[in-house]
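Heads up: the structure comes next, in structure tokens.
Every number in this text was worked out from the coordinates using simple rules, so none of it is lab data. No experiment lies behind these values; they were computed from the predicted model shown. Glycine gets a Cβ as well: all are built from the backbone with ideal geometry, and neighbour counts include every protein chain shown.
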């Protein structure tokens with residue numbers, strides 16, 4: 001009798017666990033349901049590193065600058081859970097502070113989208129008044145991990161407002177840069193809470 005009772009309990013527990021997994025995965029098709037814009041809410045500390053290689057010409061190829069520039073950046077990004085964020089950052093490009101400013105560049109904003117499979121995008125468009133010229137844009141593909149406390153990203157599009165390469169490509173009109181940059185953001189934990 002005890003064996004039959006344990007067997008029923010085990011079967012019930014297994015069924016509940018299976019249903020729980022299907023609900024988390026967004027249903028029996030295995031797609032979505034894990035993440036949304038609401039997954040990212042509150043402050044995240046980001047660190048970024050990479051290289052600015054050159055301008056992308058009309059031919060779709062990267063035309064290298066005379067010298068590539070290494071980028072290092074730290075930022076505090078605060079997500080609102082609804083697709084918008086505010087941002088302040090400090091960065092160094094080619095060994096010099098961005099825009100010559102040795103302080104953080106506050107009052108930046110952007111948009112983001114988190115898909116149900118925890119992939120998504122972020123877009124930063126700089127406006128006047130900061131260390132970076134107005135019109136500069138950085139677009140990233142992101143993955144949200146670690147229960148929504150980690151954002152990993154790679155830049156897929158970078159727009160500048162001026163520049164030239166030794167082989168004659170200029171901005172304008174060719175203002176998209178070839179970059180190799182990645183950023184990682186971790187949720188800022190305050191007093192042990194997320």
*Sequence ranges 96-108, 52-64, ranked by mean other-Cβ count within 10 angstrom, highest first*: 52-64, 96-108
*What are the principal axis extents of the Cα atoms in region 46-181, in Å, biggest first?*
47, 33, 22
_Can you compute the modelled spin-label distance between residue 116 and residue 128, with each label point 7 Å from Cα toward Cβ, in nm?_
4.4
*Whole-Å distance, taken between Cα centres, linking region 61-116 and region 132-194*: 6
_Projected label distance in nm at residue 67 and residue 182, using a 7 Å step from Cα toward the beta-carbon_ = 2.6
*Determine Rg/Rh for region 146-194; Rg is computed over alpha-carbon atoms and Rh is the Kirkwood hydrodynamic estimate from the same atoms.*
1.29
_Separation of the residue 92 and residue 162 label points, Cα + 7 Å toward Cβ, nm_ = 2.4
*Segment residue 38-residue 107, length gained on full extension (0.36 nm per residue, minus Cα span)*: 22.6 nm
*Work out, step by step, the length gained on full extension between residue 58 and residue 147: first 0.36 nm times the residue separation, then minus their alpha carbon distance; give nm to one decimal.*
27.9 nm
*asked:* Using only the Cα atoms of region 38-85, what semi-axes does the equivalent ellipsoid have when each is the square root of 5 times a gyration tensor eigenvalue? Give whole Å, largest first.
replied: 32, 15, 6
